[in-house]
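Participant: Shown below is the structure under consideration.
The values are calculated or read from the model by the stated rules, or taken from the named source; none is laboratory data. What you are looking at is a predicted structure, and each value in this text was computed from that prediction instead of being measured. Every residue, glycine as well, gets a Cβ built from its backbone with ideal geometry; the counts of neighbours run over all protein chains shown. Ligands, DNA and RNA are stripped out before the accessible areas are found, and what is left, the full protein with its side chains, is counted by its heavy atoms. Shrake-Rupley method; radii C 1.70, N 1.55, O 1.52, S 1.80 Å.
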Amino acid sequence: MKAIAITQAAQNGTNLESLSEITLPTPVASGHDLLVEVKAISVNPVDTKVRAGFKADQPRVLGWDAVGVVVATGEAVSLFKPGDEVWYAGSLTRPGSNSEYQLVDERIAALKPKSIDNASSAALPLTAITAWEMLFDRLGVTENGNENDVLLIVGAAGGVGSILTQLASKLTKITVIGTASRPQSQQWVADLGAHHVIDHSKPLTEELARIGVKNVTHVASLNQTDKHYQQLIEVLAPQGKLALIDDPETLDARPLKVKSISLHWEFMFTRSMFETSDMIEQNRLLTRVATLIDQGVLQTTLGEHFGTINAANLRRAHELIETNRAVGKIVLEGF
């Protein structure tokens, strides 16, 4: 089968040009695995991080978002059958979705939405899982609840922010404030349902004061946490909650003590990486998101379609993501 893999460690500061097309044997499904013929994928910051840190002896297939058709199943599979159209983010510990065929555990996959096409669907799995777990599992927000609370989403125009904004504004009563720094991204966040949009390139305290908000009860910090950290502590109300997904080099938790602020990390690969007893929650979560899309409650976060799945287009996608200026998700489709 055809696959696009990272083949060399960084040289002269980058290994972007080492994203290359290779040929691999088509894998065979066993156990709880589905063998999926991949139809569309999207590209996430995790792809660029794994690529940049690559030092292995063997090529590694990247990609952690896919839509495809089940062509074979392992002997323990009970949720799907050949011919089913599925979507999933996959596991960080296994070969990724930048290949014609891929194995994925049935417990972290679900039937794709019926009302949108493959490309629109491929934009969502990883970010939907991340946003859902962050909002409901980590920050403890409840569906139809939190009427008197305020959620600040830092980096709301990106992939996770785009679906998190929708989940919070559509499924809860929390007030949603999204941050974005350019007119295009600010309009995107507003269109997705944020009650207010502020500029994170300016002091957050001043931006919140501009819209008449003194404190927020919940923060979802999706990028540049180290840059905004002290401001986030300042704007969080006593006993507030701070959740993040990025990777600051250091994070001193001591300043959180005085306000009894709780700190939460979200990593959507935890369940698949450790094969936790509740792995199937990602199947249920993606099933629920698909239903919400088909009901018209949620919409795709597809930002740009970069064409077919090949090395050149994947390099372009990685380059754009590394600028931190992508709006929504970058999708590729077909081989």
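Participant: What residue, among those in region 191-222 that are under 15 Å from Ile233 (Cβ atoms) and in a helix (DSSP H, G or I), is most open to solvent (accessible area, probe 1.4 Å)?
Facilitator: Once the filter is applied, the top-ranked residue is Thr205.
Participant: While we're looking at this one, here's another question. Can you name the strands (runs of 3 or more DSSP E) wholly within region 1-60 that have at least 2 residues being in contact with a Gly (Cβ under 8 Å, 6 or more places away or on another chain) and modelled with pLDDT of 95 or more?
Facilitator: Counting at least 2 such residues, we get 33-43.
Participant: From the set of residues in region 117-147 that are part of a loop (DSSP other than H, G, I, E, B) and in contact with a Ser or Thr (Cβ under 8 Å, 6 or more places away or on another chain), which is most open to solvent (accessible area, probe 1.4 Å)?
Facilitator: Within region 117-147, the first condition is being part of a loop (DSSP other than H, G, I, E, B), and the residues that meet it are 117, 123-124, 139-147.
With in contact with a Ser or Thr (Cβ under 8 Å, 6 or more places away or on another chain) added as a condition, the list becomes 123-124, 141-146.
Values: Ala123: 0, Leu124: 0, Val141: 5, Thr142: 73, Glu143: 75, Asn144: 112, Gly145: 14, Asn146: 33 Å².
If we take residues in region 117-147 being part of a loop (DSSP other than H, G, I, E, B) and in contact with a Ser or Thr (Cβ under 8 Å, 6 or more places away or on another chain), then Asn144 is most open to solvent (accessible area, probe 1.4 Å).
Participant: For region 288-309, enumerate the residues that are assigned to a loop (DSSP other than H, G, I, E, B) and either surrounded by fewer than 18 Cβ atoms within 10 Å (Cβ to Cβ) or touching an Asp or Glu at 6+ places or on another chain (Cβ under 6 Å) (or both). Let's see the steps before the verdict.
Facilitator: Here is the first cut: in region 288-309, the residues assigned to a loop (DSSP other than H, G, I, E, B) are 295-301, 306-309.
Residues satisfying the conditions are Gln295, Gly296, Val297, Gly307, Thr308.
Participant: Additional query: Anything in region 175-190 that is loosely packed, with under 14 Cβ neighbours inside 10 Å and not in a helix (DSSP H, G or I)? List them, or say none. Explain how you work it out, then say what you get.
Facilitator: Just the residues of region 175-190 that are loosely packed, with under 14 Cβ neighbours inside 10 Å, to begin with: 182-184.
Passing the criteria: only Arg182.
Participant: Could you please give the count of residues in region 239-284 that are assigned to a loop (DSSP other than H, G, I, E, B) and of a type in the set (D, E, K, R)?
Facilitator: Step one: of region 239-284, the residues assigned to a loop (DSSP other than H, G, I, E, B) are 245-253, 257-261, 266-269, 275-280.
Adding the requirement that they be of a type in the set (D, E, K, R) leaves 246-247, 249, 252, 257, 259, 266, 275, 278.
The qualifying residues number 9.
Participant: Do we find that Val61 is farther than 17 Å from Ile309 by Cα and surrounded by fewer than 24 Cβ atoms within 10 Å (Cβ to Cβ) in this structure?
Facilitator: On the way: farther than 17 Å from Ile309 by Cα: no; surrounded by fewer than 24 Cβ atoms within 10 Å (Cβ to Cβ): yes.
So Val61 does not fit the description; no.
Participant: Which residues, counting only those in region 81-112, are hydrophobic (A, V, I, L, M, F, W, C), closer than 15 Å to Pro125 by Cβ and open to solvent by 10 Å² or more (accessible area, probe 1.4 Å)? Steps first, answer last, please.
Facilitator: Taking region 81-112 first, the residues hydrophobic (A, V, I, L, M, F, W, C) are 86-87, 89, 92, 103-104, 108-111.
Add one more test, that the residue is closer than 15 Å to Pro125 by Cβ, and what stays is 86-87, 89, 92, 104, 108-111.
The answer is Leu92, Leu111.
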